[in-house]
Amino acid sequence: MKIGVIGTGYVGLVVGAGMAQSGNDVICADIDEDKIRRLNEGEIPIYEPGLEPLVHDNLQAGRLTFTTDVAEAVRRSRIIFIAVGTPPGADGAADLKHVLAVARSIGRAMDGERIVITKSTVPVGTAAKVRAAIESETDHPVHVCSNPEFLKEGAAVDDFMKPDRVVLGVDNGAVGEELSSLFEPFVRTGNQILLMDIASAEITKYAANAMLATRISFMNMIAGLCEATGADADLVRLGVGSDDRIGPSFLFPGIGYGGSCFPKDVKALVRTLNDLEVDAGILEAVEAVNERQKAFPLHILDRELGSDLTGRRIAIWGLSFKPNTDDMREAPSLVTIEGVLERGGEVVAHDPVAMDEARRHYFGDRIHYADSNYGALEGADALVLHTEWHPYRRPDFQRMHRAMRGELVVDGRNIFPVERMREMGFHYHSIGRPPVVPDGRP
């Protein structure tokens, strides 16, 4: 099958490389000339495990090409994925200007019938707008479909190659069969291809992310109750997650969700609900809990070190919003670092892959970057852990204690054993678990 992918961001790259890996002839287009040059040289502009060899292998095999010529990609393709960004506007609604601009470009370039698939996360009703934009530029027939992505950053390649389900929103039976054939190689183990109407497919993506975000905020609310009563949120999580009707996934207390999906999608769904006069109260509460949770480390620093951090050195372990990605969009670390700087403190950060991202897009030389996680601790008054990278999970606690000037540790992901922190004499705070206060201090 000849496939075009418009947009070479996180989703577009994975879709293009994954489709090429299954034997299709794929051309990916983007207007960013420097990015396309780098991609054609096999250089991947994002960090995603497994993506670089996938792109390289399919470039070498000739199944995958990159171009800045969107019209060429349209002319060479039978099926075209739109995979450009839909950033939130000031009101929280998804900004569709890039999607609709691509749609008009597709219409101008079409020389025959095409199937156009919205892969970008878009609100319900977008497919109709995309169809109208394309048809305003061409008389050739077009079938606009929805194929929402469910890729987890850090595991996107596996998620695409072995999806737990493929959702296809179509309004034409023959097109549904053609797309089912396209995706059939990815579900050979029996997972479902779910054919549905377009509106249902568009809503499915938002509903899935909103449900996962709700579970996270719910557990963080319960963690607050545990802190107030002396209970242990980890034990509560086990008790709740053992119920087969609930399950354990996304019930880990922490300092909130971030990234490119959950914050944006929850805001966009709230806006859609409000526009249609459907009560959005649950999701508005989910957002509010998450924003409060991101401030947890600052709350502890204020309480234990004071609101004036002049002369204080704060170590940060983890900058990305989750492990196995360099994505810092909406990351809780941003809230902590900005807060420490505003209070006059000094920040020394370490992250296995996201430090270049922090330099380029967020902090530049406003903070210091350590070559190792232990290097960040030298002379630190406190450590705040934001991201549960594997190298941080079981560190040398004695080495930590020797390196730090202070003994305060704020564990935003509950990865350190409470008893071990007590044995080592740390002043330790985590989420929804009793704090460890050395030397009997209150």
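The values are calculated or read from the model by the stated rules, or taken from the named source; none is laboratory data. Note that the structure is a prediction, hence the values are computed from the model and not measured. Cβ: placed from backbone, ideal geometry, glycine included. Neighbour counts: every protein chain shown.
Starting from residues that are outside any helix (DSSP H, G or I) and among the charged types (D, E, K, R), keep the ones in the range 394-442 and report whichever is modelled with the lowest pLDDT.
Within the range 394-442, the match that is modelled with the lowest pLDDT is Arg441.
In the list Arg422, Arg405, which residue meets the criterion of being touching a Pro at 6+ places or on another chain (Cβ under 9 Å), surrounded by fewer than 22 Cβ atoms within 10 Å (Cβ to Cβ) and of a type in the set (Lys, Arg)?
The conditions single out Arg422.
Being at negative phi and either touching a helix residue (DSSP H, G or I) at 6+ places or on another chain (Cβ under 8 Å) or of a type in the set (S, T, N, Q) (or both) narrows it down to one of Asp381, Asp356, Asp371, so name that one.
Checking each option against the conditions leaves just Asp381.
Looking at Gly85, is it on the phi > 0 side of the Ramachandran plot, touching a residue at least 24 places away in the same chain (Cβ under 8 Å), assigned by TED's automatic domain parsing to the domain that holds Phe160 and crowded, with 17+ Cβ neighbours inside 10 Å? Before you say what the answer is, go through the steps one by one.
On the way: on the phi > 0 side of the Ramachandran plot: no; touching a residue at least 24 places away in the same chain (Cβ under 8 Å): yes; assigned by TED's automatic domain parsing to the domain that holds Phe160: yes; crowded, with 17+ Cβ neighbours inside 10 Å: yes.
For Gly85, the condition - on the phi > 0 side of the Ramachandran plot, touching a residue at least 24 places away in the same chain (Cβ under 8 Å), assigned by TED's automatic domain parsing to the domain that holds Phe160 and crowded, with 17+ Cβ neighbours inside 10 Å - is not met.
Check Arg63, Arg37 and return the single one that is assigned by TED's automatic domain parsing to the domain that holds Ala101, modelled with pLDDT under 95 and touching a strand residue (DSSP E or B) at 6+ places or on another chain (Cβ under 9 Å). Reasoning before the result, please.
On the way: Arg63 fails: modelled with pLDDT under 95.
Only one candidate passes the filter, namely Arg37.
Does the range 350-375 hold any residues that are of a type in the set (A, V, I, L, M, F, W, C) and either closer than 18 Å to His390 by Cβ or in contact with a Pro (Cβ under 9 Å, 6 or more places away or on another chain) (or both), and which are they?
Val353, Ala354, Met355, Ala370
For every residue, the table says whether it meets (1) of a type in the set (Gly, Ala, Ser); (2) crowded, with 16+ Cβ neighbours inside 10 Å.
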residue	(1), (2)
Val99	no, yes
Met110	no, yes
Val116	no, yes
Ser120	yes, yes
Ala127	yes, yes
Asp164	no, no
Gly176	yes, yes
Pro185	no, no
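Those residues that are touching a residue at least 24 places away in the same chain (Cβ under 8 Å) and assigned to a loop (DSSP other than H, G, I, E, B), I need them from the range 18-44; list them, please.
Correct list: Ser22, Gly23, Asn24, Asp30, Ile31, Asp32, Ile44.
Conditions tested, residue by residue: (1) buried (at least 17 other Cβ atoms within 10 Å of the Cβ); (2) of a type in the set (A, V, I, L, M).
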position	(1), (2)
Ala20	yes, yes
Asn24	yes, no
Cys28	yes, no
Glu41	no, no
Asn58	yes, no
Ala61	no, yes
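Kindly evaluate Asp30 against the criterion of being closer than 20 Å to Gly107 by Cα and either of a type in the set (D, E, K, R) or not assigned by TED's automatic domain parsing to the domain that holds Met110 (or both).
Yes: the conditions hold for Asp30.
With (1) part of a helix (DSSP H, G or I); (2) modelled with pLDDT under 95; (3) surrounded by fewer than 17 Cβ atoms within 10 Å (Cβ to Cβ) as the list, and Gly190 as the residue in question, which single condition is left unmet?
Condition not satisfied by Gly190: (1).
One residue is enough: does the range 210-231 have a residue meeting the conditions in contact (Cβ under 8 Å) with a residue 12 or more places away in the chain, closer than 22 Å to Thr126 by Cα and not in a loop (DSSP other than H, G, I, E, B)?
The answer is yes; a qualifying residue exists.
Determine if the range 282-295 includes at least one residue that is closer than 20 Å to Pro87 by Cβ and outside any helix (DSSP H, G or I).
Taking every residue of the range 282-295 in turn, none turns out to be closer than 20 Å to Pro87 by Cβ and outside any helix (DSSP H, G or I).
Of these, Thr325, Thr310, which one is surrounded by fewer than 22 Cβ atoms within 10 Å (Cβ to Cβ), β-branched (Val, Ile, Thr) and outside the structural domain of Val157 (by TED's automatic domain parsing)? Spell out how you get there, then give the answer.
On the way: Thr325 fails: surrounded by fewer than 22 Cβ atoms within 10 Å (Cβ to Cβ).
Answer to the selection: Thr310.
Please give the number of the condition Glu304 fails out of (1) crowded, with 21+ Cβ neighbours inside 10 Å; (2) part of a helix (DSSP H, G or I); (3) in contact with a strand residue (DSSP E or B) (Cβ under 7 Å, 6 or more places away or on another chain).
(1)
Which residues, counting only those in the range 100-125, are within 25 Å of Lys267 (Cβ to Cβ) and at pLDDT 95 or above?
The initial filter retains those residues of the range 100-125 that are within 25 Å of Lys267 (Cβ to Cβ), namely 100-103, 117-125.
Passing the criteria: Leu100, Ala101, Val102, Ala103, Ile117, Thr118.
Would you mind stating whether Phe150 is closer than 28 Å to Gly50 by Cβ and in contact with a strand residue (DSSP E or B) (Cβ under 8 Å, 6 or more places away or on another chain)?
yes
Within the range 335-353, is even one residue part of a loop (DSSP other than H, G, I, E, B), basic (Lys, Arg) and within 25 Å of the chain's Cα centre (by Cα)? Step through it out loud before you land on a result.
Just the residues of the range 335-353 that are part of a loop (DSSP other than H, G, I, E, B), to begin with: 343-345, 351-353.
After this cut, where a residue has to be basic (Lys, Arg) as well, the list is 343.
This time we only want the ones that are within 25 Å of the chain's Cα centre (by Cα), so: none.
The answer is no; no qualifying residue exists.
What are the residues in the range 331-385 that are free of Cβ contacts under 8 Å to residues at least 24 places away in the same chain and surrounded by fewer than 18 Cβ atoms within 10 Å (Cβ to Cβ), if any?
Correct list: Glu338, Glu342, Arg359, Arg360, Gly364, Asp365, His368, Asp371, Ser372.
What number of residues in the range 1-17 are under 21 Å from Glu177 (Cβ atoms) and assigned to a loop (DSSP other than H, G, I, E, B)?
The qualifying residues number 1.
Give me the residue from the range 136-183 that is within 19 Å of Asn58 (Cβ to Cβ) and not in a loop (DSSP other than H, G, I, E, B) and, out of that set, farthest from the chain's Cα centre (by Cα).
The selected residue is Leu182.
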